[in-house]
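This report concerns only the one structure given below.
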Amino acid sequence: HRTSLPSPMFSRNDFSIWSILRKCIGMELSKITMPVIFNEPLSFLQRLTEYMEHTYLIHKASSLSSTTERMQCVAAFAVSAVASQWERTGKPFNPLLGETYELIRDDLGFRLLSEQVSHHPPISAFYAEGLNNDFVFHGSIYPKLKFWGKSVEAEPKGTMTLELLEHNEAYTWTNPTCCVHNIIVGKLWIEQYGNVEITNHKTGEKCVLSFKPCGLFGKELHKVEGYIQDKSKKKLCALYGKWTECLYSVDPATFEAYKKNDKKNAEEKKSTKQVGNAEESDEMPMPDSESVYVIPGSVLLWKISPRPPNSAQMYNFTSFAMALNELDKEMESIIPRTDCRLRPDIRAMENGEIDLASEEKKRLEEKQRTARKNRSKSEEDWKTRWFHQGPNPYTGTQDWLYSGDYWDRNYFNLPDIY
């Protein structure tokens, strides 16, 4: 796979987001057209695929015989799935209705398909499966973006479902909220916060993780902690770490003793230190120490792999992200014409042709609007191709389910969206 993009990103310094956003305080951001300069050269469908970077955690879960150990791996997978967001302040391109993306990674043991199934509200559905038939992972994301003056908050509505086929087990959860700070001035920085509850529908075990907001002095920045508990709520083990770095598990009693002691030390420090300005700061807080203090007796569940050395010039992409939009001749002859790799605006941006990217983005949005008008005139409904709406088999909530047949490579009647 390629290790860099055809062209490095260009500076955003000459552009003011404020000139665009001041009109939009409190509005839903999906309705606003942002200049292409604030994008990264990936579609949101490709960005979603980054959940799969640490697929080895799913394979590992499948190989374990203890339900608690399997839950630990699933929790690590859920945390690792959002790790690629760290420092990724470019906005992915909004997928066009009917856009698709596929990724086959023999080396990582999975293949994935996604489709933009709705435009307003924007909903992306995906379905991934293990190449050895060991798992199925699917979900749909409806990102609600809100602008709060200094920050943009993205709440990823939608359920993630992971089925470990050999164990006949299903796990479901929803992702934490992501927030980009300093939209107007200063250095953009990202935090994720909120509770993530993973349920094993077969055993009733739950893992409840808290993604901490950074807090006043940045003490909690990037921290994640929580417990795995059985169906009668007895704590089986504690998990802790940072979503940007690693996740550990440890015995709950050891964890609580450590927390108690840590709190006591913090209070002693606080009473000797004058409390400074308590006004909420939007500056990126510096974490107390870069890494996580490892409590004796802990087991490492997941550790992030370092980003490539050229990452900062490449939109802070991971090595995995760098390869998402690559396209070779052989692939071009197989994939459907709706695949994001064929989108001219993203391709132009990746090649460093900003003006062309901007023109193409406008053209595609215009084309989408015209198609929608024509459909409403002829009272024709849009039909999704690879997914259909239905209840999630485990939670009963409304979901988008894979309809099958994509990999037969028989693509007819596909919309012309580019």
- Query: So which of P296, P336 is touching a strand residue (DSSP E or B) at 6+ places or on another chain (Cβ under 9 Å), touching a residue at least 24 places away in the same chain (Cβ under 8 Å), surrounded by fewer than 14 Cβ atoms within 10 Å (Cβ to Cβ) and not in a strand (DSSP E or B)?
  - Reply: P296
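Specify the residue that is nearest to I123 (Cα to Cα); the eligible residues are those in the range 96-109 that are in a loop (DSSP other than H, G, I, E, B) and open to solvent by 10 Å² or more (accessible area, probe 1.4 Å).
Initially, the range 96-109 is screened for residues in a loop (DSSP other than H, G, I, E, B), giving 96-99, 106-109.
Okay, now just the ones that are also open to solvent by 10 Å² or more (accessible area, probe 1.4 Å), so 97, 106-109.
On the way: L97: 9, D106: 28, D107: 29, L108: 26, G109: 26 Å.
Checked the range 96-109; the qualifying residue nearest to I123 (Cα to Cα) is L97.
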- Could you please find all residues in the range 191-212 being part of a strand (DSSP E or B), over 28 Å from E129 (Cβ atoms) and touching an Asp or Glu at 6+ places or on another chain (Cβ under 7 Å)? S210
- Only unsatisfied item for V180, checking (1) surrounded by 19 or more Cβ atoms within 10 Å (Cβ to Cβ); (2) modelled with pLDDT of 90 or more, is (2)
- Please work out which one of (1) loosely packed, with under 12 Cβ neighbours inside 10 Å; (2) in a helix (DSSP H, G or I) is the condition M349 fails and give its number. (1)
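Return the total of residues in the range 368-393 being over 28 Å from the mean Cα position of the chain (by Cα), part of a helix (DSSP H, G or I) and surrounded by fewer than 16 Cβ atoms within 10 Å (Cβ to Cβ).
The qualifying residues number 7.
Hey, could you check the range 394-418 for residues that are of a type in the set (A, V, I, L, M) and either modelled with pLDDT under 95 or assigned to a loop (DSSP other than H, G, I, E, B) (or both) and say which is nearest to E330 (Cα to Cα)? Give the derivation first.
From the range 394-418, those of a type in the set (A, V, I, L, M) are 401, 414, 417; that's our starting set.
Restricting the remaining residues to those that are either modelled with pLDDT under 95 or assigned to a loop (DSSP other than H, G, I, E, B) (or both) gives 414, 417.
Details: L414: 20, I417: 22 Å.
Among them, the one singled out is L414.
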- If a residue has to be of a type outside the set (V, I, T) and touching a Leu at 6+ places or on another chain (Cβ under 6 Å) to count, how many in the range 185-205 make the cut? 0
- How about the range 299-330: which of its residues are open to solvent by 50 Å² or more (accessible area, probe 1.4 Å), in contact with a Lys or Arg (Cβ under 8 Å, 6 or more places away or on another chain) and not in a loop (DSSP other than H, G, I, E, B)? S319
- Any residue in the range 148-161 that is open to solvent by less than 10 Å² (accessible area, probe 1.4 Å) and touching a Ser or Thr at 6+ places or on another chain (Cβ under 8 Å)? yes
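Out of A78, A170, report the one residue that is open to solvent by less than 40 Å² (accessible area, probe 1.4 Å), of a type outside the set (D, E, K, R) and in a strand (DSSP E or B).
Residue meeting the stated conditions: A170.
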- Query: Restricting the search to the range 35-59, which residues are in contact with a Leu (Cβ under 9 Å, 6 or more places away or on another chain) and either at pLDDT below 75 or among the charged types (D, E, K, R) (or both)?
  - Reply: R47, E50, E53
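Find the strands (runs of 3 or more DSSP E) located wholly in the range 213-261 whose residues include 1 or more that are under 21 Å from T67 (Cα atoms), of a type in the set (K, R) and open to solvent by 10 Å² or more (accessible area, probe 1.4 Å), and list them. Before you say what the answer is, go through the steps one by one.
Numbers: elements: 223-229, 235-242, 246-250.
Because the criterion is at least 1 residues that are under 21 Å from T67 (Cα atoms), of a type in the set (K, R) and open to solvent by 10 Å² or more (accessible area, probe 1.4 Å), the strands (runs of 3 or more DSSP E) in the range 213-261 that meet it are 235-242.
The values are calculated or read from the model by the stated rules, or taken from the named source; none is laboratory data. Keep in mind that what you see is a predicted model, and the values were worked out from it rather than measured. As a convention, Cβ positions derive from the backbone with ideal geometry for all residues, glycine included, and neighbour counts pool all protein chains shown. SASA here: full protein model, heavy atoms, side chains in, ligands and nucleic acids out. Shrake-Rupley method; radii C 1.70, N 1.55, O 1.52, S 1.80 Å.
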